[in-house]
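Undergrad: Before I ask anything, here is the structure I am working with.
The values are calculated or read from the model by the stated rules, or taken from the named source; none is laboratory data. A quick note: this is a predicted structure, and the numbers were derived from the prediction, not measured. No Cβ is skipped: glycine too gets one built from the backbone with ideal geometry, and neighbour counts run over all protein chains shown. For the accessible areas, the whole protein counts, side chains as well, though only heavy atoms, and no ligand, DNA or RNA atoms are used. Shrake-Rupley method; radii C 1.70, N 1.55, O 1.52, S 1.80 Å.
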Amino acid sequence: MSSCLQHASRPRMAASLRKDMHQAAAGILCYAGAYVFITYDDYDHFFEDAYTLIPAVIIIAVGALLFVIGLVGCYATVRESYCGLTTFVVILLLVFMSEVAVVVLGYVYRAKIEDEVNSSIIEVYEKYNGTNSNSQSRAIDYAQRQLQCCGIHNYTDWLKTRWYEETKNNSVPISCCKTTVPGCTGSLTHPEDLFQEGCEALVVKKLKEIMMYVIWTALTFAALQMMGMLCACLVLCHRSKDPAYELLLAGGTQA
């Protein structure tokens, strides 16, 4: 009798653990997707292909689905329901396929980032006017401060912009100033006060790092989902062969 009760408690413990794991995974995936959205929003003027965010959308959708999976897996494990466990495996398979799709799309769009940035960054700099009301100006100032860069290839690129020709003050935006130099005004008479590296390569590097973060997150959880599917399949295969389980069922039927 005690062995039957011990066996009956195992599914509940496994269900609770499985539910907690899937909820934690769901939270991590949703955070990863939201992080990509927020970060890409800061650099969205430097690429034109809106489909680049598809991997992040899929990750958030998978994260939401994992909450449902946790509930289904919990119910199926407690009840040791064949139908419930089968549904659980099917949903895990769909999640696994979605995460594989994220990895594939991540590599595809990661390869396109450099071309996207190269084709749009010149136009963004041309539209710079130095005001907060101008979205291109905000994007460039943010990128130059965050990435510690100036111009497309270096600070001399500002000499070719319409903003430089209109201001005629022989300077670059203050966002080009090194943070360690107090009182910097962006004047070209003191080029040593300015960031020396161009923004094009750094923006490309930043966006590729973000996409790689998405790819590794998807790969990690795809491996975990594969383990989850294998465990659920083992439960399905050995469920009816467990003597303790059969004894528990017999006792429940007699009652």
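Undergrad: Please count how many residues of the range 35-57 are within 26 Å of LEU94 (Cβ to Cβ), open to solvent by 40 Å² or more (accessible area, probe 1.4 Å) and at pLDDT 75 or above.
TA: 3
Undergrad: In this structure, is SER135 in contact with a helix residue (DSSP H, G or I) (Cβ under 8 Å, 6 or more places away or on another chain) and under 18 Å from ALA201 (Cβ atoms)?
TA: Working: in contact with a helix residue (DSSP H, G or I) (Cβ under 8 Å, 6 or more places away or on another chain): yes; under 18 Å from ALA201 (Cβ atoms): no.
In short, no.
Undergrad: I'm checking my understanding of the structure. Among residues of the range 187-196 that are touching a residue at least 24 places away in the same chain (Cβ under 8 Å) and part of a loop (DSSP other than H, G, I, E, B), which one is surrounded by the fewest Cβ atoms within 10 Å (Cβ to Cβ)?
TA: Looking at the filtered set, the residue picked out is GLN196.
Undergrad: Looking at the range 172-181, can you tell me whether even one residue there is exposed (fewer than 13 other Cβ atoms within 10 Å of the Cβ) and touching a His at 6+ places or on another chain (Cβ under 9 Å)?
TA: Initial filter on the range 172-181 (exposed (fewer than 13 other Cβ atoms within 10 Å of the Cβ)): 179-181.
Applying the additional criterion that residues be touching a His at 6+ places or on another chain (Cβ under 9 Å) yields 181.
There is at least one residue in the range 172-181 that is exposed (fewer than 13 other Cβ atoms within 10 Å of the Cβ) and touching a His at 6+ places or on another chain (Cβ under 9 Å).
Undergrad: Could you check, for the range 198-216, whether at least one of its residues is over 20 Å from ASP42 (Cα atoms), charged (D, E, K, R) and at pLDDT 90 or above?
TA: no
Undergrad: Restricting to the range 85-142, what's the tally of residues that are outside any helix (DSSP H, G or I), modelled with pLDDT under 90 and surrounded by 14 or more Cβ atoms within 10 Å (Cβ to Cβ)?
TA: To start, the set of residues in the range 85-142 that are outside any helix (DSSP H, G or I) comprises 127-134.
Right, trim to modelled with pLDDT under 90 and you get 130-134.
Within this subset, residues satisfying the condition of being surrounded by 14 or more Cβ atoms within 10 Å (Cβ to Cβ) are 130, 134.
Qualifying residue count, the range 85-142: 2.
Undergrad: In the list CYS149, CYS184, which residue meets the criterion of being surrounded by 18 or more Cβ atoms within 10 Å (Cβ to Cβ) and either more than 29 Å from the chain's Cα centre (by Cα) or part of a loop (DSSP other than H, G, I, E, B) (or both)? Quick ask: steps written out before the conclusion?
TA: On the way: CYS184 fails: surrounded by 18 or more Cβ atoms within 10 Å (Cβ to Cβ).
On inspection, the qualifying residue turns out to be CYS149.
Undergrad: Would you be able to say whether some residue in the range 218-229 is open to solvent by less than 60 Å² (accessible area, probe 1.4 Å), out of contact with any Pro (no Cβ under 9 Å at 6 or more places or on another chain) and at pLDDT 90 or above?
TA: Looking through the range 218-229, none of the residues is open to solvent by less than 60 Å² (accessible area, probe 1.4 Å), out of contact with any Pro (no Cβ under 9 Å at 6 or more places or on another chain) and at pLDDT 90 or above.
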